[in-house]
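A.B. asks: Could you have a look at this structure, given as structure tokens, before my questions?
The values are calculated or read from the model by the stated rules, or taken from the named source; none is laboratory data. Since the model is a prediction, treat every value here as computed from it, not as a measurement. When we count neighbours, we look across all protein chains shown, and the Cβ atoms used for this are built from the backbone with ideal geometry, even at glycine.
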Amino acid sequence: MTTHGRSIVVLDFGGQYAQLIARRVREARVFSVVLPPDEPEEGIRRWNPAGIILSGGPQSVYDEGAPLPRTDPRTLGVPVLGLCYGMQWMAHVGGGEVTPANGREYGRAVARLETDSELFAGLEAEQTVWMSHGDSVLRPPAGYRITGSTPSTPVAAFEDSERRLYGLQFHPEVRHTEHGSAILENFLFRACGVRPDWTIASFRHEKVEAIRRQAPSGAVVCALSGGVDSAVTALLLREALGDRVYPILVDHGLLRAHEARQVGEAFGRLGIAIRAVDAADLFFSRLESVTDPEEKRRVIGRTFIEVFEEEAREIPDARYLAQGTLYPDVIESISIKGPSAVIKTHHNVGGLPEKLGLELIEPVRELFKDEVRRLGGELGLPQEFLSRHPFPGPGLAVRIPGEVTREKVAILQRADEIVLEEIRAAGLYGAISQAFAVLLPVRSVGVMGDNRTHDFVVAVRAVQTTDFMTADWFRMPHEVLDAIASRIDVQASRDDRVGVARPETSHMTPEEFRRHGRAVVDWIADYMERIESFPVVSRVLPGEIRAALPEVPPKRGESFDAMLADVDRIILPGITHWQSPNFFAYFPSNNSGPAILGELLSAGLGVQGMLWATSPACTELETHVLDWLVGMLGLPEKFRSNSTGGGVIQDTASSATLCALLAGRERATGFRANESGGDGMLTAYASTQAHSSVEKAVKIAGLGRENLRLIEVDEKFAMRPEGLARAISEDRRAGKIPSFVCATVGTTSSNAIDPVAEIGKLCRDEGIWLHVDAAMSGTAALCPEFRGIQEGVELADSYCFNPHKWMFTNFDCDAFWVADRAALIRTLSVLPEYLRNKATESGAVFDYRDWHVPLGRRFRALKLWFVIRHYGVEGLQHHIRRHVELARKFKAWVEKSNRFELAAPVPLNLVCFRHVGGDEINRNLLETLNASGRLYLTHTSLGGKYTLRMSIGQRQTEERHVAAAWQAIEELAVEVEPTV
Ligand code: PLP
């Protein structure tokens, strides 16, 4: 019984295109099978055929022993389409005449077709068709009419429309026949009347039912090879039979690097536990001294069966054995070409079913490779797994001439891994059908550094093929070969030969650190160089990165190269490239060479700088650099450490705002809130445009969100001081205690500048703590001409900006100053006995753990120090000026455009703009731009309108990037605009 509805049976007369016919029919979403011509009637009927196609074939119908159908398909009551030899057979048995060839006709021909034929309905009368034949029909049988001819083949098509018998001398299944698919579809849908309802999803559904019928009880053992076919088989069975399925992976130690683990993980993520049998020791011991390639295969085959058998016997009530035989294997073994490929159908687990007395289940034996891949996708196998290159059953043993040893396998695994990594990195994995490394049986002498070497030689093989029967070598670009060669040279042959044997408890030695550290620095430098080649926004889907990570940590330590390779393979695709010069999202977050090196040094020193005493340099450098910054930014002297104030590095502006709010709260309550908690009477103020971190701080500090007043803004989105004054006096009248105001210099949404001077006067009169949040824009004050933005800052109690946003310093680095450090320290200080020390008690030092929320702290001043010293004040000013200038250019382009309008003033480096066509267009435009990979923009809402924001603050952004962004914006705008 077929598991499908109606199908099309292709009788294979040995023609080269029989499989192709079946494929084309399936592409038209009708199920099809290929059967041998001597298939008995019940064998054909089993497939419930809606029509029969007779394939071509190399012979002449007059030849002795020419293939003849055992059952005359014309008597089965369904339409028949004979192609080439099939047509000639129809002519011959019907009493027509076939002429032996004068020569072969091969290639394109122009056919004239009768378009009133069902087969040619809807087509042009003149068509290019593909011919490949010797004999041809001279005269059709009685009752047939000629429906097509070419200049050299008068009977190129015929039909008996009453009996629905059709013949074509040309090949509609070949793409060179211009409308071949349409002709086949006419046969399927018009002549046979089938519906296009066969899909992989329907196959899955039907197959699951069929498996349940075949195996109503008992367990199924399923041999996994690490390849796609067996994996899909296991998944399908699992869907049908649940935990009656036992997938077993015999790891013979000859798999690719990490393969056994990856297969286990891929299944684990799908909720299926596989039994992975580590039989490497047994295999290696059996392979000892075996050098003959055939003998190796036999040893591996026998050992495999032995191990598998042992495992299978442990499975209670095992009655079935499942394997991933594919349709091309089946076709090869049934076609008239002879049984040469029969062995292929059982090659994975040869002989096992009989030995174990198990019934065979082959659920994908009707599918082609690409269909199995699609089915795997349906069943949830990750793409990475589905698109794997094929790998031989006996594994790397076939790629190691001579004796197979652990050492050689380890070297080859690493070399193979490098080959695939480089091919993947070059984006060629999909273009190559199969690529791998082979260890050659010779050792060659070379020189590496100052040493003479005597190492294995590795060959790299890469082929392209469509059918995996014939192959052409892949023209590998020289750069890729070069990358492979240099890495294999340095890594595979040395590092990993010892690397695999690395004791699991060993630390990285300083020598190893030096080597790997250099590799990391090289990696970062390469990343900087190639950053523009990545799509700016990561394209992975939720869960994709985790899916590529091992479920459990490695039991034994891994090589550093493997880790760095995984950064490329797993991590990079999940990176949104903040350092790309095409990153225009708000907000920027920079790094730079000196900052990265400062971070590295900080990590190397591993200092915990909570107290002055725990590392004096950590505290003193920080104090000093923050004093430098007071001068560099033109901030008030009261923020310097030698006055009443001082600066500290916080992780983020959010933390700085929280600390300021806490100090404000304490000052307003005479430090009572710290002792007895809040009473719900304290209030805080910020504009409607202030950053959400203010609200978060109000929540954390226990003021309660209801006690945060969001003050209205003016047409420039800046806080209205009169609104603030009104809110404060209303609160006072209501008995509340106004304790904290946050003014923003450069709001997140539109870069609006609150009037700090007016707000400051009000706060001073009212005795309220004023904090100024200049997270991004504060950097602009490095340039005297932009200092107007912070006018009035001398009235502030605290101030912060993030060098990690726009001052080329790695996250996390927020610079925070207070005018009265005693207030801050009193608010946050707790001194347990175990932290007491002489320096603290002398009062002569700062203990920065009292200046922020956490106790512990990293040596973050190093990176800031390096940045300031590397660029110098003038260097920093140069870049900031440049960014502002570019933003002004962009603003001018927007102003000139008819399509776009400015949505807010542009005080510095953020341009808020929008398409004049409304929210929907702007939303679509943003999505299209970001999906294009060319740039990254973010949006906001201003005055209730969807607004795009172009923020120019990346270290490497130049005019060409901004111009390209504008070009992309204009180009893609045309695409998303509705057509009239
Ligand atoms: N304040 C303003 C004005 C901001 O724009 C931002 C971030 O965009 C923040 C605060 C929060 O920054 P952080 O991540 O340093 O807390």
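Condition check ((1) of a type in the set (A, V, I, L, M); (2) closer than 25 Å to residue 817 by Cβ; (3) modelled with pLDDT under 95) across all residues:
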site: 572; (1), (2), (3): yes, no, yes
site: 579; (1), (2), (3): no, no, no
site: 587; (1), (2), (3): no, yes, yes
site: 606; (1), (2), (3): no, no, no
site: 622; (1), (2), (3): no, yes, no
site: 636; (1), (2), (3): no, yes, no
site: 645; (1), (2), (3): no, yes, no
site: 651; (1), (2), (3): no, yes, no
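A.B. asks: For residues that are crowded, with 16+ Cβ neighbours inside 10 Å and either farther than 29 Å from residue 296 by Cβ or at pLDDT 90 or above (or both), tally how many sit in region 379-396.
C.D. replies: 6
A.B. asks: Okay, next question. How many of the residues making up region 702-717 are buried (at least 22 other Cβ atoms within 10 Å of the Cβ) and under 42 Å from the mean Cα position of the chain (by Cα)?
C.D. replies: Selection size over region 702-717: 1.
A.B. asks: Please find, within region 26-74, the residue that is farthest from residue 328 (Cα to Cα) out of those that are buried (at least 22 other Cβ atoms within 10 Å of the Cβ) and of a type in the set (Ser, Thr, Tyr).
C.D. replies: My answer is 55.
A.B. asks: Any idea which of (1) buried (at least 18 other Cβ atoms within 10 Å of the Cβ); (2) outside any strand (DSSP E or B); (3) free of Cβ contacts under 8 Å to residues at least 40 places away in the same chain; (4) not small (Gly, Ala, Ser) is the one residue 908 doesn't satisfy?
C.D. replies: (3)
A.B. asks: Any chance you could count how many residues in region 261-284 are on the phi < 0 side of the Ramachandran plot and within 30 Å of the chain's Cα centre (by Cα)?
C.D. replies: 15
A.B. asks: Would a scan of region 929-940 turn up a residue that is of a type in the set (A, V, I, L, M) and in contact with a Ser or Thr (Cβ under 6 Å, 6 or more places away or on another chain)?
C.D. replies: No, because not a single residue in region 929-940 is of a type in the set (A, V, I, L, M) and in contact with a Ser or Thr (Cβ under 6 Å, 6 or more places away or on another chain).
A.B. asks: Kindly provide the set of residues from region 751-773 that are touching a Cys at 6+ places or on another chain (Cβ under 7 Å) and within 16 Å of residue 717 (Cβ to Cβ), ordered by number.
C.D. replies: Listed by number, the list holds a single entry, 773.
A.B. asks: Output the residues belonging to region 643-662 that are part of a loop (DSSP other than H, G, I, E, B) and away from the ligand (no atom under 16 Å from the Cβ).
C.D. replies: Answer for region 643-662, where residues must be part of a loop (DSSP other than H, G, I, E, B) and away from the ligand (no atom under 16 Å from the Cβ): 643, 644, 645.
A.B. asks: Just checking, which of 183, 200 is buried (at least 17 other Cβ atoms within 10 Å of the Cβ), in contact (Cβ under 8 Å) with a residue 24 or more places away in the chain and more than 37 Å from the chain's Cα centre (by Cα)?
C.D. replies: Sole residue among the options that is buried (at least 17 other Cβ atoms within 10 Å of the Cβ), in contact (Cβ under 8 Å) with a residue 24 or more places away in the chain and more than 37 Å from the chain's Cα centre (by Cα): 183.
A.B. asks: So, in region 113-169, of the ones that are of a type in the set (D, E, K, R) and buried (at least 19 other Cβ atoms within 10 Å of the Cβ), which residue ends up farthest from residue 50 (Cα to Cα)?
C.D. replies: Filtering first and then ranking leaves 135.
A.B. asks: Enumerate the pairs (first residue in region 233-260 and more than 20 Å from residue 313 (Cα to Cα); second residue anywhere and assigned to a strand (DSSP E or B) and of a type in the set (S, T, N, Q)) with beta-carbon separation below 6 Å, excluding pairs fewer than 6 apart on the same chain, so at least 6 apart or on different chains.
C.D. replies: none
A.B. asks: Another one. List the helices (runs of 4 or more DSSP H) that sit entirely inside region 1-107 and contain at least 3 residues that are charged (D, E, K, R) and more than 21 Å from residue 147 (Cβ to Cβ).
C.D. replies: Helices (runs of 4 or more DSSP H) meeting the threshold: 18-27, 41-45.
A.B. asks: Among (1) without any contact (Cβ under 8 Å) to a residue 60 or more places away in the chain; (2) not in a helix (DSSP H, G or I), which single condition is residue 846 missing?
C.D. replies: (1)
A.B. asks: Next question. What is the number of the single condition among (1) over 30 Å from residue 23 (Cα atoms); (2) modelled with pLDDT of 85 or more; (3) basic (Lys, Arg); (4) in a strand (DSSP E or B) that residue 408 does not meet?
C.D. replies: Failed condition: (4).
A.B. asks: Suppose we filter 286, 298 for residues that are modelled with pLDDT under 90, of a type in the set (D, E, K, R) and more than 13 Å from residue 221 (Cβ to Cβ); which single one remains?
C.D. replies: 298
A.B. asks: Here is a list: 968, 963. Which entry is surrounded by fewer than 16 Cβ atoms within 10 Å (Cβ to Cβ), of a type in the set (Gly, Ala, Ser) and within 16 Å of residue 584 (Cα to Cα)?
C.D. replies: Just a single option satisfies the conditions, and that option is 963.
A.B. asks: Moving on to the next point. Residues of region 696-713 being away from the ligand (no atom under 16 Å from the Cβ) and among the aliphatic types (A, V, I, L, M), which ones?
C.D. replies: The answer is 703, and nothing else.
A.B. asks: Which residue pairs have Cβ atoms closer than 6 Å, lie 6 or more positions apart in sequence or on different chains, and pair a first residue in region 733-745 that is under 12 Å from residue 797 (Cα atoms) with a second residue that is within 16 Å of the ligand (Cβ to nearest atom) and part of a loop (DSSP other than H, G, I, E, B)?
C.D. replies: Pairs that qualify, where the first residue is under 12 Å from residue 797 (Cα atoms) and the partner is within 16 Å of the ligand (Cβ to nearest atom) and part of a loop (DSSP other than H, G, I, E, B), are 742/690; 743/754.
A.B. asks: Still on this structure: Under the condition of being surrounded by fewer than 21 Cβ atoms within 10 Å (Cβ to Cβ) and touching a Phe, Trp or Tyr at 6+ places or on another chain (Cβ under 9 Å), which residue from region 643-654 is farthest from residue 793 (Cα to Cα)?
C.D. replies: 651
A.B. asks: To continue, here is another question. Give the residue, chosen from 123, 113, that is touching a residue at least 40 places away in the same chain (Cβ under 8 Å), farther than 19 Å from residue 99 by Cβ and in contact with a strand residue (DSSP E or B) (Cβ under 6 Å, 6 or more places away or on another chain).
C.D. replies: 113
A.B. asks: Give the residue, chosen from 888, 881, that is free of Cβ contacts under 8 Å to residues at least 40 places away in the same chain, out of contact with any Phe, Trp or Tyr (no Cβ under 8 Å at 6 or more places or on another chain), among the charged types (D, E, K, R) and within 18 Å of residue 956 (Cα to Cα).
C.D. replies: The match here is 888.
A.B. asks: Residue by residue through region 382-398, note down the ones that are under 19 Å from residue 434 (Cβ atoms) and either acidic (Asp, Glu) or touching a helix residue (DSSP H, G or I) at 6+ places or on another chain (Cβ under 6 Å) (or both).
C.D. replies: 384, 385, 386, 392, 394, 396, 397
A.B. asks: Name every residue in region 141-159 that is assigned to a strand (DSSP E or B) and closer than 24 Å to residue 24 by Cα, in order of residue number.
C.D. replies: 147, 148, 149, 157, 158, 159
A.B. asks: If you don't mind, another one. Given the criterion of a type in the set (Phe, Trp, Tyr) and more than 24 Å from residue 816 (Cα to Cα), identify the matching residue among 846, 859, 913.
C.D. replies: 913
A.B. asks: Considering only residues that are within 16 Å of the ligand (Cβ to nearest atom) and surrounded by fewer than 24 Cβ atoms within 10 Å (Cβ to Cβ), look in region 663-690 and name the one that is farthest from residue 723 (Cα to Cα).
C.D. replies: Of everything passing the filter in region 663-690, 689 is farthest from residue 723 (Cα to Cα).
A.B. asks: Which of the residues belonging to region 595-642 are part of a loop (DSSP other than H, G, I, E, B), touching a residue at least 40 places away in the same chain (Cβ under 8 Å) and surrounded by fewer than 21 Cβ atoms within 10 Å (Cβ to Cβ)?
C.D. replies: 607, 608, 610, 615, 634, 636, 641
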